1. Just the residues that are among the acidic types (Asp, Glu) and near the ligand (Cβ under 10 Å from one of its atoms), please, taken from the stretch 106-165.
2. Of the residues GLU404, GLU341, GLU374, which is over 19 Å from PRO308 (Cα atoms), assigned by TED's automatic domain parsing to the domain that holds ALA303, of a type outside the set (S, T, N, Q) and in contact (Cβ under 8 Å) with a residue 12 or more places away in the chain?
3. Select from the stretch 97-121 the residues that are crowded, with 18+ Cβ neighbours inside 10 Å and either within 22 Å of MET79 (Cα to Cα) or in the same structural domain as VAL169 (by TED's automatic domain parsing) (or both) and list them in ascending order.
4. Residues to consider are ALA302, ALA323, ALA327, ALA337; find the one that is within 9 Å of the ligand (Cβ to nearest atom) and not in a strand (DSSP E or B).
5. Looking at ASP215, ASP179, which one is part of a loop (DSSP other than H, G, I, E, B) and outside the structural domain of ALA335 (by TED's automatic domain parsing)?
6. Looking at the stretch 270-279, can you tell me whether even one residue there is at positive phi, in a loop (DSSP other than H, G, I, E, B) and modelled with pLDDT under 95?
7. Being more than 28 Å from PRO103 (Cβ to Cβ) and not polar (S, T, N, Q) is the requirement here; does GLY295 meet it?
8. All but one of (1) surrounded by 21 or more Cβ atoms within 10 Å (Cβ to Cβ); (2) acidic (Asp, Glu); (3) at pLDDT below 95 hold for ASP124; state the number of the condition that does not hold.
Amino acid sequence: MALGDLDAKGRHRRHAVRRMRRLDVLVVGAGPAGSTLAAGLARGGASVTIVEAATHPRPKVCAEYASPRIVEELDRLGMSGDWRSSAVPLNGMDLHAGVRLAPIRYADANGCRTAWGLDRRTFDAGLAEHASRSGAALREQTRLVSLIADGTRVRGARVRDARSGRDEVMRADWVVGADGARSTVSHLLGVDRGVRFPRRLGLVAHYSGVADLTDHGEMHAGRGFYVGLAPTPGGELNVGMALPMNDRRPAADRFAEAIARLPAVADRLRGSRRLTPIRGAAPIGHRVADSAGAGWLLVGDAAGFVDPFTGEGIHRALRSARAATDAILAGGDVASAYRAERRRAFAAKSALSWLVQGFLAAPAALEHVVGRLESRPGAALRLGSALGDLRPATDALSPRAVLEVLAP
Ligand SMILES: Cc1cc2nc3c(=O)[nH]c(=O)nc-3n(C[C@H](O)[C@H](O)[C@H](O)COP(=O)(O)OP(=O)(O)OC[C@H]3O[C@@H](n4cnc5c(N)ncnc54)[C@H](O)[C@@H]3O)c2cc1C
């Protein structure tokens, strides 16, 4: 059978394959999506290798505020309590817009639920370790450099070990891109679409904790930007922000300016100390034309990500990994089953997230909505629980629910 590398320009190059490994699934990237996918597949009996460009624990640009619903996803993988040492429970997020403040809280049929402030370095490392313990082979310092295709089907990948500099070809029934918002896999497949709106620069840094901000997070919306504060383990505070892209000043200047423009944030941070460098990602987000095809799937951010304001990145990474695990283990038309499950799981929540993005782009309208939520705790809880993946997003999108939030 003729094999060829599918390179970044979509050209095929024939090559001699010297070392070849045969797998059921090759997972590219050991972030939350890749590690949970690999753990689920290995637990289901598949032979799985994950290649990860970095070495855990590695930093990740993230505001580290995770949806309550990650608990169910991690329980399913047999992780029950292990991850909680890299997390603190948070009652919710206070949403500030202008002079308005609405508490976003969460509940399911059994009562109140908490979100989680994470330390991504240890959280992600713990997930990768769990994948290894579950039977997946984890190869760190190993980067995917090209896909191996045979006609129209992806058959494997060429990977490069950063320590030895050597390339290896790995054949697999399925290659899964879990390589994040700057996915090489989606780029090589030609399914990337540009991020047109919103185009934002994400900046994050850890600060020493703030004494009276330990049991919830805060989101402060400014004009064209926002800043989030989330307590993280070890008594630290994650200060994360999304700023317009059209400004070339140094990140540190822009970071300081955003804080200064929001007096409530500046007050919170007075006396607090920055503990880490300011890390950035731009543009925030990723768009793709498709999430599956012959021999390939994309999970987590590689399959698309809008913006962290509605807090679904990590949960969506875990949930999409579950959808991919189930589709691969069931066999049959894997790509169609995976696409259909993604639609079921994400379509309504995506519509809600885009609605929130619309308000974020119109500060006066956002302040009005936050004012309404402030005086209607029931509506705030319904919206929070939908954003926290605890009740269907359609509940927050019904005409009655929308009217309750919008009517003057
Ligand atoms: C500024 C900002 C703030 C955010 N805040 C939040 C938040 O508060 N809450 C939330 O839920 N989400 C948040 N997110 C989103 C969240 O970080 C992502 O949704 C989540 O990390 C997705 O997980 P993943 O496994 O898909 O990708 P990632 O976590 O990005 O992991 C991808 C992995 O792939 C590896 N990799 C990349 N290329 C290759 C390659 N060629 N070969 C091998 N390995 C490779 C990387 O090293 C990395 O380890 C935020 C994102 C940004 C940018």
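The values are calculated or read from the model by the stated rules, or taken from the named source; none is laboratory data. Note that the coordinates shown come from a computational prediction; the quantities given were computed from them, not determined experimentally. A quick note on method: Cβ atoms are made from the backbone with ideal geometry, for glycine too, and the neighbour counts reach across all protein chains shown.
1. Initially, the stretch 106-165 is screened for residues among the acidic types (Asp, Glu), giving 108, 119, 124, 129, 140, 150, 161.
Across the stretch 106-165, the qualifying residues are ASP124, GLU140.
2. On the way: GLU404 fails: assigned by TED's automatic domain parsing to the domain that holds ALA303; GLU374 fails: assigned by TED's automatic domain parsing to the domain that holds ALA303.
Unique residue meeting the criteria: GLU341.
3. Of the stretch 97-121, the ones crowded, with 18+ Cβ neighbours inside 10 Å are 97, 100, 102, 104-106, 113-120.
Those that are crowded, with 18+ Cβ neighbours inside 10 Å and either within 22 Å of MET79 (Cα to Cα) or in the same structural domain as VAL169 (by TED's automatic domain parsing) (or both): ARG113, THR114, ALA115, TRP116, GLY117, LEU118, ASP119, ARG120.
4. Working: ALA323 fails: within 9 Å of the ligand (Cβ to nearest atom); ALA327 fails: within 9 Å of the ligand (Cβ to nearest atom); ALA337 fails: within 9 Å of the ligand (Cβ to nearest atom).
Answer to the selection: ALA302.
5. Numbers: ASP179 fails: outside the structural domain of ALA335 (by TED's automatic domain parsing).
That would be ASP215, the only listed residue that is part of a loop (DSSP other than H, G, I, E, B) and outside the structural domain of ALA335 (by TED's automatic domain parsing).
6. The answer is yes; a qualifying residue exists.
7. On the way: more than 28 Å from PRO103 (Cβ to Cβ): yes; not polar (S, T, N, Q): yes.
Judged against the criteria, GLY295 is a match.
8. ASP124 satisfies all of (1) surrounded by 21 or more Cβ atoms within 10 Å (Cβ to Cβ); (2) acidic (Asp, Glu); (3) at pLDDT below 95 except (3).
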